[in-house]
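First up is the structure itself, then whatever we jot down about it.
The values are calculated or read from the model by the stated rules, or taken from the named source; none is laboratory data. Because the structure is a prediction, the values reported are computed rather than measured. Here the Cβ positions follow ideal geometry from the backbone for every residue, glycine too, while neighbour counts run over all protein chains shown. The area values use the complete protein model at the heavy-atom level, side chains included, leaving out ligands, DNA and RNA. Shrake-Rupley method; radii C 1.70, N 1.55, O 1.52, S 1.80 Å.
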Amino acid sequence: MTDKDKKIKTEFIASLVRLYGKDRSSLLPVLQEFQKKFRYIDEYSQQEIADALSIHPVEVNSIISFYAFLYDKPRGKHTIRICKNIVCKFHGNKELSKFMEKKVSEFNKDKSEESKITIEYVNCIGLCDRSPSMLVDEKVYEKINPHNAEAILEELS
Amino acid sequence: MNTMEKTLRSPVSQRPHEIKKTDQLTGIGAEVSIELNGIKMKVPIGKTILEICRDNNIHIPTLCYHEDLCIAGNCRLCLVEIEGMRTLQTSCSFPVTSPIKIKTFSDKVRKARKHIVGLMLSEHYGECYSCVRNNNCELQSLAREYGIDNYEFGHICSPRYNVDKSSQAVIRDMDKCILCRRCVRTCIDLQEVGVLEAVNRGYDTKISTFMDKPLADVVCINCGQCINRCPTAALHANDPSDEIWKAIEDPEKHVILQTAPSPRASLGEEFGLPPGHSMTGQLNTAARRMGFDRVFDTNFSADLTIMEEGTELLNRLRKALVEKDTSVRLPQFTSCSPGWIKFIEHFYPEYLDYLSTAKSPQQMFGSVIKTFYADESGIDPANIVNVALMPCAAKKFECNRPEMNSSGFKDIDYGLTTREMAKMIREAGLVLPDLPKSGFDDPFGEASGAGLIFGSTGGVMEAALRTVYELVTGRVVPFKNLNIEVCRGMKGIKEASVKLENCRPEFSFLEGIDLKFIVAHGTANAKVVMDMLKNGELKDYHFVEIMACPGGCIGGGGQPIPTSESIRKLRAKAIYEEEAGLPVRKSHENPHIKYIYEKFLKDGPCGKLSHKLLHTHYVKRGKFIN
C-alpha cells in the first residue's frame, strides 16, 4: 500500500468517526461504511480504526471475524452468496452451485483481482419458499435455475 | 391453571419467570431471605450467588471466574438450580434480588457440570502427564471432582493449532485452550494491553492475536499475567531449565544464581505452604545443593539501582532548577519493570525520555558479575552463566534484548520464573521447606532492606526516598521506623509528597521543595498516569514508580498460580516483615555498595563507567504492526 492510499484511508476513517462518534459502539457502522467503499478492511485500516476509536486492533479484528459480512481479506467486485440450507438443497442447489462455479471461474479468467466475482455458501437467508435462492451483493434472487442465473451473471459484467 | 397460562400460546418453558417481591426492598444494602441448599439465611441484595456460596463454605466450581477480572459467565460451570426457573443459572453472574431457593448440587446441576467438563475435554488436546500444568490445572481438578472416567463426548486426538513459540516469554498452545477468556479479560481490562481476543464464531472460535500474528510480532509486553490467569496450560512461560541444568553439569561453567525478593516470598506456595512465608535461607541451601556455584542477592543490585536512579533524579532536578535546562524531562519514571518498559515503548514511544536510563536490577547485576566479579575472582566472564530467578515473564525478554551486553557478553543468560525454579528444586529431589537456612555468597552477600521491598508496589519509591532524602538533607526520612506507609498498599495509583527542608549546601536548590511522587501498578493504571502526563497534569511531579504487574513483582507473571489480590497482600506482608528485621535498611548504607563505588565504579553513581555498565537506552516501537 502506498502512502497516498494510506492517507486516503486514514482520512476516510476520520470522517466516519466524526460522523458516528468516537465511541466503541460506532465500530460496526464504521466498519460497514469502510467496507462499502474499499470492499474489505485491511490490516492497516483495522489498526487505524482501532486507534481512532481508542480500542485495541485485536478487538476490531475479533468483530470482523465474528460477522460473516465483514472481511479482512481482499475480495472481488461482486459477491454471490448461495444459500446452502436444506430446502434450497431439495430444490436443486447442487446443480445451481455447480453451474455457478463453472460460469464464475470462466468469468474470473484474465480478470484483475478487483473485478473478480467471489462465490460463498451461506446459511439460510430466509427464502425457503422461493428456493433455491441467493444474494448477489445486496440484491436477492429467488427460484434460480441455470437459465436465469446466466442472465444475472451477464448483468454483473 | 390460571388465566395467563391458558391464554398464552407459548410453551411453559418459554414463559417469563415471575419474580417474587422481596420482603423489605429499600435499595442496596437491604437484605433478602433466601434458601441455600435448604438452609434459610439473609443476604444483602445484589450479592451474587457465587459470593454467597463462598461466604458459606460451599464450593462452586468455576473456570472463567477470577477474583481479579470482571465477570464473564461463559464457562457455565458454576451453574446452580433456582426453584421455579426453567434453566440452570450461572451463580457468578446472578445477583440475588428476590427470595429464591437455590440448590447447588442437585442431580440436574451435577449432570450439567459433568457434561460441560466432558465437552471441554472433548476438544482439549493432549494428555495430562505431558503437560506443564500437570497437578496445577483447574480443568484437571474439575475432571477429578466430577468423576470423569471416560471421554463421554469423545476426545480430540490430533492437534488443531500450531504452538506459538515465537515469544521469548510466553508460549501459546491453543489446543489446550478452553475459551474461558480469562486471558482476554486480563490483557484488555486488567492490563489494557489488548493483545488477545476471541476470533471467529462457534466451533471455530479461538483466542488469537491481531490477524493471528506470532506473539513476538504484536504489542505483547510479556508481563505474563495471562499465564497466571490461565486455568490450563494454553499459556505458559518459556522454560529454560534444561539449558540451566546443562550449564550446571558443565564443569567449565561457573553458574551464578541471583534471586529476587518476590520469588523468595512466594516459592513456599509451590511446596504447599500458605502464602506469606519467606524462603530466602532455604532457597540458598537448595541452590547450592543443586549445583549453582554462587548464590547472590538481587537486592544488592536493587541497592545499586537506587543509587543510580536516585542520583539521576537529583541530576535531573539540578539541571532543571539550576541550569534551567528545558530538555530535561521530569517527572522521572522508574525503569525496573521490563513489562512497563515494553509498554511505554509500544504505546507512548514519544515519552521515552522521561524514563530513567538505569537498567533493571537484574541486568545491572549481570553486567557487574561479568566485569567486576569476574575480575575479582579471576574467572573468565565467557565461562560465567548468569541465571536470574525472577517473579517475571518479561525478564526473559529483557535478558535477550540485543543492547543488554555492556559487559561484552550477554549480561544475563537465563531468566527463570518462580514456578520453573520450584520445578527444578523438585527435580533435584529437595523439599524446600525442610532445608536448613543459609546466607548469600560474598562479595555481594549483604543487601539492604530497601532492595528487598522492591518486590512490592511502592517499594522502589520507598527505597529511593530513604536514600534521596538522606543525601539531600543529611537526615533520615521523617517517617516512623523508616516505613513510608503512603507508598504501601494495593491502591492502583498512590500520590504523596515529602518536603525537603534544611538541605545540605550542595542541594540548596531543593530547599523548601515538595518532592511529589506517584506510585502506580498494573499497566492499566500506568496508562492513566501516562494520559495525565500527556495532558500536562504531571508538571509539578518529580518521580513516578510504575510496575507492570498488579501488586508489583509479588504479583508477577512468573509467580505461583493462583495469584489473587489476597495472596498478593500476604506476599507483600512477608516482604515487609522480613525487611523490618534487617540491620541495614537504606541502600546507600549497604557496605558492599560503598565497596563497589570505592573499588570499581570509581567515578560514582551516574559516572562514566556506571553509564556504560548500568545504564541503557530504549527503542521506539510504536503500536502499529506492519
Scan segment B:444-464 and give yes if some residue there is open to solvent by 30 Å² or more (accessible area, probe 1.4 Å) and more than 20 Å from the chain's Cα centre (by Cα), otherwise no.
yes
Out of the residues in segment B:231-246 that are open to solvent by less than 10 Å² (accessible area, probe 1.4 Å) and in a loop (DSSP other than H, G, I, E, B), which is nearest to the other protein chains (Cβ to nearest Cβ)?
B:Ala234
Mind counting the residues in segment B:612-626 that are open to solvent by 90 Å² or more (accessible area, probe 1.4 Å) and more than 14 Å from chain A (Cβ to nearest Cβ)?
3
Residues in segment A:64-87: is at least one touching a Lys or Arg at 6+ places or on another chain (Cβ under 7 Å), in a helix (DSSP H, G or I) and either without any contact (Cβ under 8 Å) to a residue 24 or more places away in the chain or within 12 Å of another protein chain (Cβ to nearest Cβ) (or both)?
yes
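Has segment B:216-232 got at least one residue that is acidic (Asp, Glu) and more than 22 Å from B:Pro391 (Cα to Cα)?
Looking for residues that are acidic (Asp, Glu) and more than 22 Å from B:Pro391 (Cα to Cα), one finds at least one in segment B:216-232, hence yes.
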Do you know which of the residues in segment B:175-213 that are within 8 Å of another protein chain (Cβ to nearest Cβ) and part of a strand (DSSP E or B) is farthest from B:Asn525 (Cα to Cα)?
B:Val199
Filter result for the condition that a residue is away from every other protein chain (no Cβ under 14 Å) and of a type in the set (D, E, K, R), over A:Glu59, A:Glu95
A:Glu95
Conditions (1) surrounded by 15 or more Cβ atoms within 10 Å (Cβ to Cβ); (2) more than 34 Å from the chain's Cα centre (by Cα); (3) among the hydroxyl-bearing types (Ser, Thr, Tyr); number of the one not met by B:Thr104
(2)
A:Lys73 vs (1) on the phi < 0 side of the Ramachandran plot; (2) surrounded by 13 or more Cβ atoms within 10 Å (Cβ to Cβ): all pass except (2)
Among residues of segment B:471-502, those that are under 31 Å from the mean Cα position of the chain (by Cα), charged (D, E, K, R) and not in a loop (DSSP other than H, G, I, E, B), counted:
4
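Each row is one residue, and each column tells you yes or no for (1) part of a loop (DSSP other than H, G, I, E, B); (2) more than 17 Å from B:Ser360 (Cβ to Cβ); (3) out of contact with any Asp or Glu (no Cβ under 9 Å at 6 or more places or on another chain).
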{"position": "B:Pro562", "(1), (2), (3)": "yes, yes, no"}
{"position": "B:Ala574", "(1), (2), (3)": "no, yes, yes"}
{"position": "B:His588", "(1), (2), (3)": "no, yes, no"}
{"position": "B:Cys606", "(1), (2), (3)": "yes, no, no"}
{"position": "B:Ser610", "(1), (2), (3)": "no, no, no"}
{"position": "B:His617", "(1), (2), (3)": "yes, no, no"}
{"position": "B:Gly622", "(1), (2), (3)": "yes, yes, no"}
So, first residue at negative phi and assigned to a helix (DSSP H, G or I) in segment B:517-545, second residue open to solvent by less than 10 Å² (accessible area, probe 1.4 Å) and among the β-branched types (Val, Ile, Thr), Cβ within less than 7 Å, six or more apart or across chains; the pairs are B:Thr523/B:Val193; B:Thr523/B:Ile221; B:Ala526/B:Ile546; B:Val529/B:Ile518; B:Val529/B:Val544; B:Val529/B:Ile546
Could you list, ordered by first residue, the pairs with Cβ atoms under 8 Å in which the first is in segment B:286-311 and touching a residue at least 40 places away in the same chain (Cβ under 8 Å) and the second is acidic (Asp, Glu), at least 6 apart or interchain?
B:Gly291/B:Glu249; B:Arg294/B:Asp441; B:Val295/B:Asp441; B:Phe296/B:Asp441; B:Asp297/B:Glu446; B:Phe300/B:Glu446
A:Lys22 being part of a helix (DSSP H, G or I), modelled with pLDDT under 95 and surrounded by fewer than 19 Cβ atoms within 10 Å (Cβ to Cβ)
no
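Looking at segment B:360-368, can you tell me whether even one residue there is over 26 Å from B:Lys620 (Cβ atoms) and at pLDDT below 95?
There is at least one residue in segment B:360-368 that is over 26 Å from B:Lys620 (Cβ atoms) and at pLDDT below 95.
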A:Leu31 fails exactly one of the following numbered conditions: (1) farther than 18 Å from A:Thr118 by Cα; (2) more than 14 Å from chain B (Cβ to nearest Cβ); (3) in contact (Cβ under 8 Å) with a residue 24 or more places away in the chain; (4) open to solvent by 50 Å² or more (accessible area, probe 1.4 Å). What is the number of that condition?
(4)
Note on segment A:88-106: residues in a helix (DSSP H, G or I) and either of a type in the set (Lys, Arg) or open to solvent by less than 40 Å² (accessible area, probe 1.4 Å) (or both) are A:Cys88, A:Lys89, A:Asn93, A:Lys94, A:Leu96, A:Ser97, A:Lys98, A:Met100, A:Lys102, A:Lys103, A:Val104
Candidates B:Ile379, B:Ile369 - the one that is surrounded by fewer than 24 Cβ atoms within 10 Å (Cβ to Cβ) and of a type in the set (Val, Ile, Thr):
B:Ile379
Confirm whether B:Ser456 is modelled with pLDDT of 90 or more, over 27 Å from B:Ser356 (Cα atoms) and hydroxyl-bearing (Ser, Thr, Tyr).
no
Conditions (1) open to solvent by 40 Å² or more (accessible area, probe 1.4 Å); (2) within 13 Å of chain B (Cβ to nearest Cβ); (3) not in a loop (DSSP other than H, G, I, E, B) -> A:Gln47 fails only (1)
